[in-house]
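Presented below is the structure to which this report refers.
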Amino acid sequence: MNLSFYDRAAQTTNPTAKALLQLMDTKKTNLCLSADLSCAGDVLALADKLGPQICVFKTHVDIIQDFTRSFASELTNLSEKHNFIIFEDRKFADIGHTVKEQYGKGLYSIADWAPITNAHILPGEGIIDGLKSIGLNKGNGLLLLAQMSSKGNLFNEAYTASAVEMAKAHRDFVIGFITQHRLTEDPAFISFTPGISSTDQGDALGQQYVTPRQAILENHTDVIIVGRGIYGATDPIAAAEAYRAEAWQAYTDRLCL
Ligand code: S5P
């Protein structure tokens, strides 16, 4: 499936997926920055500095020591200023009723400011129904964890195939996958790949890395997720530019296959 992001935008009905595919095409970036920092000010500064390079800004709000609602509104302003989409990497994993409460309420109220979030399918389809009951009317989208990057993870082929089936049954709300390989030729679904580094093989806690080119060109995924490779670099702007260029080149090379 070598359709461009532009052509794929027409194949999806979910507003967040459509906006993401269109912005990747116009901004020429398939780089998602994973901003795993613990001070709100540092996360916002990173979003302002690297916003021009990225299509998606990924947060782990439960890492942020000084989280307030104003953090969320300031990040939303930056997403409008620089034209990127916010993804809260919450990895929901509970029954439908509980995730509905976790997504829409509480201190974080994720559904109000993060157009993208993600979920494990381990509890069964009710988790999608619960999140959808809050997120669909807001135009939000959901990614399903179909494969993970970490060593010794318990994902297997049958589990991954179930994620694809569940996604197809909820294509109004499920916009794609967290995955190491493209899982379906359906152009509506967007594949996000974490565990990306141009230099390292992994970390001391089981993370495993592939290069942007392996992910996009060999494994046919769409968006690379990079954390420490960028915010941990001596020059994060130069690192972001390099990851962006490598991932975009791999995407345009794939279009020619
Ligand atoms: O399988 C996964 C899924 C995710 S979302 N492996 C991952 O590493 N992630 C997330 O991607 C992880 O939670 C972290 O926020 C980011 C990778 O960070 P890095 O510093 O290793 O690039």
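What follows is calculated from the coordinates using simple rules that are stated; it is not laboratory data. Here the structure is a predicted model, which means the values were calculated and not measured. All Cβ positions, glycine included, derive from the backbone under ideal geometry; neighbour counts span all protein chains shown.
Numbers at a glance
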quantity	calculated
One residue from A242, A188 being more than 12 Å from the ligand (Cβ to nearest atom) and touching a Lys or Arg at 6+ places or on another chain (Cβ under 7 Å)	A188
T221 being touching a helix residue (DSSP H, G or I) at 6+ places or on another chain (Cβ under 7 Å), among the polar types (S, T, N, Q) and buried (at least 23 other Cβ atoms within 10 Å of the Cβ)	yes
Filter result for A167 (without any contact (Cβ under 8 Å) to a residue 60 or more places away in the chain and out of contact with any Gly (no Cβ under 9 Å at 6 or more places or on another chain))	no
Check on L50, within 15 Å of the ligand (Cβ to nearest atom) and either assigned to a helix (DSSP H, G or I) or under 20 Å from Y108 (Cα atoms) (or both)	yes
Pick from region 135-156, criterion buried (at least 20 other Cβ atoms within 10 Å of the Cβ) and away from the ligand (no atom under 16 Å from the Cβ), ranking: nearest to the chain's Cα centre (by Cα)	N140
Selection from region 1-20 of residues that are surrounded by 22 or more Cβ atoms within 10 Å (Cβ to Cβ), in a helix (DSSP H, G or I) and touching a strand residue (DSSP E or B) at 6+ places or on another chain (Cβ under 7 Å)	T16, A17, L20
Options A204, A245, A233, A239: the member that is part of a loop (DSSP other than H, G, I, E, B), surrounded by 15 or more Cβ atoms within 10 Å (Cβ to Cβ) and either free of Cβ contacts under 8 Å to residues at least 24 places away in the same chain or under 20 Å from the mean Cα position of the chain (by Cα) (or both)	A233
